[in-house]
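The values are calculated or read from the model by the stated rules, or taken from the named source; none is laboratory data. Just so it is clear, the structure is predicted and the values come from calculations on it, not from any experiment. We place every Cβ from the backbone using ideal geometry, glycine too, and count neighbours over all the protein chains shown. When the accessible area is computed, the model is the full protein with side chains, heavy atoms only, and any ligands, DNA or RNA have been set aside. Shrake-Rupley method; radii C 1.70, N 1.55, O 1.52, S 1.80 Å.
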Amino acid sequence: MDKLVSSSDCPYPGCFFCVMKEGNPNKRRSSLLKFFRDLPSQDDDGQVLPISGLWNTAMAHPNDPEFMDLGIFECMSALIWKGLKNRRWLSLDQNVYIPYYAAHIIGSYTMNVEDFAQIAVNSGVIPPLVELLRGRLTWVEQRVAVRALGHLATYSSTFPAVASQGEVLELAMELAMSSLEIVYTHFYQFVQRRLSYHCDLLTRGMGGVEMESRKAEEWASQLQCWSLQLINCFAFKTEFLPTICKQEDFLEKLPGMWGGLVNENSPAGIGLLRTICHHQAGRVPVASSPVVVDALCNIARSSDDWQYMGIDCLVWLLQDPATSHKVWEKGVPALMDLAEITTLGDHKKLGDAIANVLEEVIGGGSRQNNNNNNNNSVSGRMKEGVEELLASRQRLKWEKTMPKEDLHIKHAAALVVKLEGNSLFSSGDISGAASKYSEALALCPMRSRKERLVLYSNRAQCHLLLQQPSAAISDATRALCLHNPINRHARSLWRRAQAYDILGLAKESLLDAILFINEFSQSPDPDLSARQNRVPVYAERLVKKQMRLGWLFRDAAVKHGGVERDVYGEESDEDDSEWETASESDF
């Protein structure tokens, strides 16, 4: 190997590594042209070595134009075709790695620069990538093929070439739904049946079975997320929405497709749903699925990084006369809980925008005159809730002109009532305590965001003890919206995590529990600081439970009789009173 790379008397004429060391630009260029032209026709051992070197170069310098007009894409396409058509060659030496590396190289060089993508398309890369997407080799090659096709579909100049391959969209949809099961059954489930080259690619030869399994979860998530990214490119084009939306089971599975803890930077299913909801042709089928609407409400209330996407979907569905009446029973209460958000990421004054939408849908606006029949079907309780919200916003405006003394009096009165609620709570009158917190909220100045946060959070705990998890989620969400920064109030996170757990919403409970642990460890609260460096046992137990329930391969394991990962722990027979005690300490 050392001789191959560094010696001037390299035994391999035209060796890629030697060519890359050539100092004369003209000689280097002509040598690279010859290398890319000749490589697919060679049957010598050691071909994987220059391809892996080229893979490293592409990963490190994806925007480097040096190889673009030298035939690199024709070379990679030919190598993929060779692997697909010549199984004898594929089985020789380490050639089985080559189609994977070739597709990965195409994806790396086309992910940032549209001109490179155009060269790739003109070089004929799409047909062999589509064959890999079909599963002609293995899931490992499917992963890099869907990645490359997703990059090519991103650009307006190359999307038509991808779309012209009639089955790409359907193949991507099928892969998004089946990817986790494929990786589980073809790799994860039976350790002794794992292909050695899969193990090498996953761990780069530096890990054992446990690392292989962890990397398989990450790659399975990427396979699903990259499939969704490819579908998302089609979803921007209205003519493809009927194909995407015609499968009701696909739409209903989308909210459950998320990057998980191993691929948290991908918007995954909610990202595709947001694109679908951006078009009216997509909003109608989404609004017609109660499962999807429920999931959007959960995402909008959640501490997920993609919370704003759930909010966007609900807002668009409520603003559309064709879908508003189908979603307002669930969508309006969800947005009411979020109406006091000030900033969420790049979204400024989001609460004001939500309040305006709610006012338009329920209380007035141009659509009220055009859709009287629909508006009449809105429940009186829902109207009262929105009117109360709008009145509270008016109160906030009035408070800006009120004397400070009057505000202090209102604040003091709310504090007295809150203390009465605390006393009732301590004596076991949970329902009475909840009523007092409601009374205190009515008295408390709107500007006293911290005090109102505590009142909502305390009332959420009452709802928990009264076995009213939906009400607890609503109040905890309102408390989290009042916190600065948003979604970072430890006790409210914990209460909502428990409520989600009661309702069987593992992902939402897991995210809140993890954030609770993070905030718990950093809290300035003297009651918590003594335990600053220790994860609470009750929180650790809940996290393990939800990681087990939300395990990426759980459905596949249940379907195929597999065993879940021991790392998430076993079910505990201990009662959960410790959780309540930990939360009750607020009072």
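Couple of notes before you dig in:
- Residue pairs meeting the criteria (Cβ under 6 Å; at least 6 apart or on separate chains; first on the phi < 0 side of the Ramachandran plot and outside the structural domain of CYS462 (by the TED database), in region 496-522; second modelled with pLDDT under 95 and open to solvent by 40 Å² or more (accessible area, probe 1.4 Å)): none
- Residue within region 215-224 that is without any contact (Cβ under 8 Å) to a residue 60 or more places away in the chain, within 25 Å of LEU90 (Cα to Cα) and basic (Lys, Arg) present: yes
- Output for region 341-359, where each listed residue is open to solvent by 60 Å² or more (accessible area, probe 1.4 Å) and assigned to a helix (DSSP H, G or I): ASP352, ASN356, GLU359
- Just one of the listed residues (GLU388, GLU439) is under 21 Å from GLU340 (Cβ atoms) and modelled with pLDDT of 95 or more, and it is GLU439.
- Residue match in region 196-209 (condition: under 19 Å from ALA235 (Cβ atoms) and out of contact with any helix residue (DSSP H, G or I) (no Cβ under 7 Å at 6 or more places or on another chain)): no
- Residues of region 75-94 that are buried (at least 18 other Cβ atoms within 10 Å of the Cβ) and either in contact with a Gly (Cβ under 7 Å, 6 or more places away or on another chain) or among the hydroxyl-bearing types (Ser, Thr, Tyr) (or both): SER77 alone.
- Residue check for ILE72: buried (at least 22 other Cβ atoms within 10 Å of the Cβ), assigned by the TED database to the domain that holds TYR188, closer than 20 Å to VAL168 by Cα and not small (Gly, Ala, Ser): no
- Residues in region 20-47 that are surrounded by 18 or more Cβ atoms within 10 Å (Cβ to Cβ) and in a helix (DSSP H, G or I): SER31, LEU32, PHE35, PHE36, LEU39, PRO40.
- Every pair of residues 6+ apart whose Cβ atoms lie under 9 Å, when the first sits in region 464-480 and is not assigned by the TED database to the domain that holds ASP501 while the second is part of a helix (DSSP H, G or I): none
- Just one of the listed residues (SER324, SER302, SER366) is open to solvent by 20 Å² or more (accessible area, probe 1.4 Å) and modelled with pLDDT under 95, namely SER366.
- Put simply, of LEU180, LEU195, LEU175 the only residue that is over 28 Å from the mean Cα position of the chain (by Cα) and closer than 23 Å to GLY561 by Cα is LEU195.
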